[in-house]
Amino acid sequence: MMNMMTGAVAINGGVGVMEIRQPKMAEVVEQVSTVAADITQNAHITLHELKEKIDAVVEQKLPTFKTLMEQKPVAVAQTTVNDASLTVYENGYAVYGNIPDVLSQLIRTMLIPKDGCEFIVADFSAIEARVLAWEAGEQWVLDAFQNGEDLYCATASQMFHVPVVKHGVNGELRQKGKIATLACGYGGSSGALISMGALQMGLKEDELPEIIDSWREANPQIVQYWWDTEKAAMTAFKTGERQEIGKIAFEFYSGTLWMVLPSGRRLAYLKPRQQPNRFGRMSLTYEGVGTNHKWSRQETYSGRLVENATQAIARDILAEAMDRISAHGLNIVAHVHDEVIIEAPKDQYTVEEICKLMSENPAWCKGLPLAAAGYKGNYYFKD
């Protein structure tokens, strides 16, 4: 929970207004990130307790965001905390723009282990980037992971052909390497970069095409894999013959296009068709559940097929890791994306032991450098 001598937060219409009470604005600027991080990371209290604490220190009702903006305050500092913007004004208030995220993190802390136990939480490190590079044969990415390098620095270095060190030489380029890695792996363009927060990171919109081009030039095997995957799917559909590409294959029979994963599991694309898309290019469509949660015809393409394969392979790796952990007598009470939550007797297992179990390669994915990280504690929170 935030230090209540430092400030208070009021939630108004989805925007948090924070009152900062330090006398020196320089200190406010330095401490504001820590204050907001404390709210989201150390808040093991109920929402009712949070309200009571805020009520106890707020001597007067904090202004709504609208009222505050009507005063036309002068911003003196801006930062980002947990991907949410935080703006400090000279009148002693700060606006924290992602209250739903704060509340979701508070709710996580309601999950606690039973008496005598603790949570051990572990998740794969950059699992999609690892799997994608392994599928496509992008060797420099695999080498970076194998050598324990910072992926975002390695990516920026590959993109801009200069050494990049976090908090060191050319360190400012790491941010571009990070956003490109997160947004471009499945064929994303400027829209994907923006949705990933590129503009909030301080990048300008006219910089984005160059970032996309640089990432694609640095990852030629992945780019080629997009097109080869789409071609293999189309050919299997048209000819009925099995098509192998990288670590996956496509087969068409019984009115269904099947993506065969390296684990042996299959993804089904029901009632496929080949028809022009909105750009006039022939594309593959199939029947499935859309974003509106209704059954309808869905369009797929090179990057989306690769995304399907990558996430499905990551899922299979997690499933085998969970079997392995359970075989050691550990109780998995939940899993979230690529993360497992284990309820274990206190001080009986270490985080390192769990991460080692997760990082073992299944027999079908040799050569894929896996890694995991985690924490243990008396409640669940976003690490």
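Points worth noting:
- On the stretch given as the range 215-241, residues that are polar (S, T, N, Q) and under 22 Å from the mean Cα position of the chain (by Cα) total 1.
Residues are listed down the side, and each one gets a yes or a no for (1) more than 26 Å from A319 (Cα to Cα); (2) polar (S, T, N, Q):
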residue	(1), (2)
I248	no, no
Y253	yes, no
T256	no, yes
P272	yes, no
G280	yes, no
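- Failed item in (1) buried (at least 22 other Cβ atoms within 10 Å of the Cβ); (2) part of a loop (DSSP other than H, G, I, E, B), with K114 passing the rest: (1)
- Selection within the range 327-338 - surrounded by 14 or more Cβ atoms within 10 Å (Cβ to Cβ), at pLDDT 95 or above and over 15 Å from I112 (Cβ atoms): L330, I332
- Taken together, A192, A180 contain a single residue that is farther than 30 Å from Q274 by Cβ, modelled with pLDDT under 95, of a type in the set (G, A, S) and outside the structural domain of L86 (by TED's automatic domain parsing), which is A180.
- Scanning the range 158-173 for residues that are part of a helix (DSSP H, G or I) and modelled with pLDDT of 90 or more returns Q158, M159, F160.
- Residue-level check: of (1) at pLDDT below 95; (2) exposed (fewer than 13 other Cβ atoms within 10 Å of the Cβ), G288 misses just (2).
- Of the set (1) over 26 Å from L182 (Cβ atoms); (2) without any contact (Cβ under 8 Å) to a residue 24 or more places away in the chain; (3) surrounded by 14 or more Cβ atoms within 10 Å (Cβ to Cβ), all apply to L257 but (2).
- Set side by side, the residues R324, R304, R297, R315 differ, and just one is over 30 Å from Q105 (Cβ atoms), among the basic types (K, R) and assigned to a helix (DSSP H, G or I), which is R304.
- Test: Q200 is in contact (Cβ under 8 Å) with a residue 60 or more places away in the chain and either under 29 Å from A321 (Cα atoms) or surrounded by 17 or more Cβ atoms within 10 Å (Cβ to Cβ) (or both): no
The values are calculated or read from the model by the stated rules, or taken from the named source; none is laboratory data. The model shown is predicted, which means the values in this text are computed figures rather than measured ones. Please note: Cβ atoms are built from the backbone with ideal geometry, for glycine as well, and neighbour counts cover all protein chains shown.
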